[in-house]
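One structure is given below, encoded as C-alpha cells.
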Amino acid sequence: MDETSPLRSPLQPPPDTYFSTAAVLPPASAPGFGVRCAAPSPAPTPGSGVRVLGPASSSVAAPAPAPPPSASSVSPPGSPGSVRERQPLLGPRSLNDFPEEPEFAEVMRRAEQAQEMGIHPQRISQGSSGSYFIPDPAGKFIGVFKPKNEEPYGHLNPKWTKWLQKLCCPCCFGRDCLVLNQGYLSEAGASLVDQKLGLNIVPRTKVVYLASETFNYSAIDRVKSRGKKLALEKVPKVGQRFHRIGLPPKVGSFQLFVEGYKDADYWLRRFEAEPLPEKTNRQLQLQFERLVVLDYIIRNTDRGNDNWLIKYDCPMDSGGSKENDWVVVKEPVIKIAAIDNGLAFPLKHPDSWRAYPFYWAWLPQAKIPFSQEIKDLVLPKISDPNFVKDLEEDLYELFKKDPGFDRGQFYKQISVMRGQILNLTQALKDGKSPLLLIHIPPVIVETTRSHHRSNDLYTQSFQSRKPFFTWW
C-alpha cells in the first residue's frame, strides 16, 4: 500500500518525514578515499577543479581549466539530457516508461519513431475538444491522444464551440458534477476499472507526455521554441544551455487505436432491419452488459450511441473446391469498444439542470435481466470489500498525478463510486435488468475513520434532489 494512500493508517508517520530526514544525512565515504576541496571562505574562481584522491595519493592538483560544459552537465538535477529533450514528439523517455506493459511501451516507441521521421499526429475533427490520431512510422494510426489543456473546458481547446458557449451562456457552461480538466484521468481511470473487473471493452489507456507541432500551443510557446532552435543553430554554446529545445510536452490520455469498429448507432439500426442470429445476438447481449457495468460504476455522464463502438465480423472461407461448391462459414464475432470516457467519476450525482442519463437504457437489450455470465464475472469482485479498497488505491495513485489534485474532491468521487457499486451488487443479486438498475435511487457511501476501531465506518445517504430535465 502506498504511504500517501488515503487508506493509510493514522498511526503511520507522514510520508515526507522519511525523505526529509534522509535528505540531510551525508553519504558515507569509502575507506581510504577522500575529497579535497577549496576552503569555504574564498569564492571559487572560474575554471577551478576538484581532485579526488586515491588511497596512495595525498597531494592536491593545481587548478586546471574545466572542460566545456556538456548538455547533461548544465541540466538541472533530475532532468534528461539535451538530446532527448530535443525530441519533438515525446518528452523525456522516463515519463513514458511502462515496464509492466511492454506492448503499450512498444506502441509509444513506434509513435516516437514516426515523429522523428516527420509523420505528425492528425487532429480529429469530431468532438468538442482537441484530440489527435497518433500514427506509426508506416502512417497507420496506433492511438488517440487527448491533451489535458485541450479538453472541452481547457484554455487551449482548439474547438470554438465551447469558447462560444462560455461567452454567450456562462450559466450553462460546464458540468457542476465533474472536476474540470480531469478528462484525461477519467479516460485512464475507466481503463483501469475495466482492467480490474476483467471486462475488456475499453482500449488500453494511459497517461503520457507528448509534444508535436500539430498540437494547439500558445503563441508564446511557439515563439520561444523558434527562438531556442535559432539560438542553437547560430550560437551552439548558448543553445546547449537550454533546458529544452522545442515545444513543451503535453500531459494527456493515450488510448490504443481499435480497427474495424463503427459507431454503435450504425450497427444498431442495421440489426433492427437485419436481425442477428440467436447465437450472435447472445454475444451482443453479453458485451452490452459489460458496457452497462462499466458505465454504471464510473457514472459516465456522456454515454450516447455515438461514443461506443461495435465490431461485427462475419468471416466466410470461400476457398472450397469449385467441383462441389462447398463453402465453410465461420462463426460471426461481435465486440464492443467503450471509448470517450472523459466525463465520468463525478463529485456528485447530477442534480441541477441535466440528468445526463445512460442512453443505452432505451435499447431493447436493456430490458433483459443480467445474465449469469456477467454475475459470475463481476459479482464476486464487487462484493469483496478488499477488492473495492484495492480499486480505490489504484485510482488514488492515478488521480494524484494531476497537479491540481484535491484529496477532498477525490473522496467525493470515490463516495459516488461506492454507492454505484452497492446498487449494482444488489441489482445483480436480485436478477434485475439494466433498465431497472438505473431506476434504483442513487446512493452516496462515505467513509470515516474511527480511532477506536480498526475498520472504517461507512455512512450511506440517498440523494433527494433531482435535476430539472430528467430525460436530458
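The values are calculated or read from the model by the stated rules, or taken from the named source; none is laboratory data. Since this is a predicted model, take the numbers as computed values, not measurements. All Cβ positions, even for glycine, are placed from backbone atoms using ideal geometry, and neighbour counts span all protein chains on display.
Could you check the range 345-364 and list, in sequence order, the residues that are crowded, with 19+ Cβ neighbours inside 10 Å and in contact with an Asp or Glu (Cβ under 8 Å, 6 or more places away or on another chain)? Hits for the range 345-364 are TYR356, PHE358, TRP360. Starting from the range 252-271, take each residue that is farther than 22 Å from PHE145 by Cα and in contact (Cβ under 8 Å) with a residue 40 or more places away in the chain and list its partners that are polar (S, T, N, Q) and assigned to a loop (DSSP other than H, G, I, E, B), counting only C-beta distances under 8 angstrom and pairs at least six apart or across chains. Close Cβ pairs satisfying both conditions: ASP265/ASN305; LEU268/ASN305. Candidates ASN181, ASN157: the one that is at positive phi, at pLDDT below 95 and assigned to a loop (DSSP other than H, G, I, E, B) is ASN181. Looking across the range 364-405, the residues that are part of a loop (DSSP other than H, G, I, E, B) and either in contact (Cβ under 8 Å) with a residue 60 or more places away in the chain or touching a His at 6+ places or on another chain (Cβ under 9 Å) (or both) come down to ILE368, PRO369, PHE370, SER371, LYS400, LYS401, ASP402, GLY404. Within the range 408-428, does at least one residue satisfy the condition of being of a type in the set (Val, Ile, Thr) and either more than 16 Å from ASP456 (Cβ to Cβ) or at pLDDT below 95 (or both)? Yes. Does the range 226-236 contain any residue that is at pLDDT below 80, surrounded by 12 or more Cβ atoms within 10 Å (Cβ to Cβ) and either assigned to a loop (DSSP other than H, G, I, E, B) or among the polar types (S, T, N, Q) (or both)? No, every residue in the range 226-236 fails to be at pLDDT below 80, surrounded by 12 or more Cβ atoms within 10 Å (Cβ to Cβ) and either assigned to a loop (DSSP other than H, G, I, E, B) or among the polar types (S, T, N, Q) (or both).
With respect to the stated conditions, ALA219 fails to be of a type outside the set (S, T, N, Q), more than 30 Å from ILE336 (Cβ to Cβ) and buried (at least 19 other Cβ atoms within 10 Å of the Cβ).
In the range 114-134, the residues that are without any contact (Cβ under 8 Å) to a residue 60 or more places away in the chain form Cβ pairs under 7 Å with partners that are of a type in the set (Ser, Thr, Tyr), at six or more places apart or across chains, as follows: ILE124/SER131; ILE124/TYR132; SER128/THR161. Considering the range 290-336, and only residues there that are in a strand (DSSP E or B) and surrounded by fewer than 19 Cβ atoms within 10 Å (Cβ to Cβ), the residue that is modelled with the lowest pLDDT turns out to be ASP317. Selection over the range 380-407 of residues that are farther than 16 Å from ASP456 by Cβ, surrounded by fewer than 17 Cβ atoms within 10 Å (Cβ to Cβ) and of a type in the set (Phe, Trp, Tyr) gives a count of 1.
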